[in-house]
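First the structure, in the form of structure tokens, and then the observations on it.
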Amino acid sequence: MKSHLAAAIAISIFLAGCSGYRPAPAAFHEAINEPYIVDAGDRIRVTVFEQETLTNTYAVDQSGYIAFPLVGAIAARGYTVQQIEGQIAQKLRNGYLRDPDVSVEVDRYRPVFVMGEVGAAGQYSYVPGMTVHKAVAAAGGYTPRANQNNVDITRDINGKVMTGRVTTSDPLMPGDTIYVRERFF
């Protein structure tokens, strides 16, 4: 009787673990092909042509703004670099420059976070083209107990935090949190 009870408990625990499986939502893969949306933790390079004193690198603060000379706070969170260019140019036209030529590019992306069964869990610099496999390599590789087939990723898409399971060849986005699970066998 005890062995049947133990077996039933083991099966229910295993099935409960399987019910936590969440394949990546379609939005995961669609977000990769969308224009990059700036967020807190990014650093952007603003070039105002023929205005060397305004050309600089600016950090996007936790509230999602950059402090830009002459015009003050510029909203960056939730905008593409082209939209930020437009905001800066518009504010500079209001009494500062006649026809400002502004260029914005991402200088440094916010980091990715790697947790779970890796050699050195932590925060790592994101580079364009980074995959799960490359992020795990940066984190010291897999531990002997790691599930090396797929991982769970938590990603902010349009202000909504989503978690899904992806293969190790999937591309990452800045700000992703990767969790490498322990394998069962």
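The values are calculated or read from the model by the stated rules, or taken from the named source; none is laboratory data. As the structure is a prediction and not an experimental result, all values here were calculated from the model. A quick note on method: Cβ atoms are made from the backbone with ideal geometry, for glycine too, and the neighbour counts reach across all protein chains shown.
I'm trying to understand the selection: among the residues of segment 113-141, which are hydrophobic (A, V, I, L, M, F, W, C) and either part of a helix (DSSP H, G or I) or touching an Asp or Glu at 6+ places or on another chain (Cβ under 7 Å) (or both)?
Our first condition is that a residue be hydrophobic (A, V, I, L, M, F, W, C); within segment 113-141, this holds for 113-115, 118, 120-121, 127, 130, 132, 135-139.
Those that are hydrophobic (A, V, I, L, M, F, W, C) and either part of a helix (DSSP H, G or I) or touching an Asp or Glu at 6+ places or on another chain (Cβ under 7 Å) (or both): 132, 135, 136, 137, 138.
Considering the conditions (1) touching a residue at least 24 places away in the same chain (Cβ under 8 Å); (2) crowded, with 16+ Cβ neighbours inside 10 Å; (3) within 16 Å of the chain's Cα centre (by Cα), residue 131 is excluded by exactly one of them, (2).
Report whether or not residue 118 is at pLDDT 95 or above and farther than 21 Å from residue 27 by Cα.
On the way: at pLDDT 95 or above: yes; farther than 21 Å from residue 27 by Cα: yes.
In short, yes.
When segment 36-93 is filtered for residues that are in contact with a helix residue (DSSP H, G or I) (Cβ under 8 Å, 6 or more places away or on another chain), part of a loop (DSSP other than H, G, I, E, B) and either β-branched (Val, Ile, Thr) or assigned by TED's automatic domain parsing to the domain that holds residue 173 (or both), the ones remaining, listed by number, are 38, 71. Every listed requirement among (1) surrounded by 15 or more Cβ atoms within 10 Å (Cβ to Cβ); (2) in contact with a Ser or Thr (Cβ under 7 Å, 6 or more places away or on another chain); (3) hydrophobic (A, V, I, L, M, F, W, C) is met by residue 161 save one, (1). Here the condition is being touching a residue at least 40 places away in the same chain (Cβ under 8 Å), of a type in the set (D, E, K, R) and surrounded by 15 or more Cβ atoms within 10 Å (Cβ to Cβ); of 39, 101, it holds for 39 alone.
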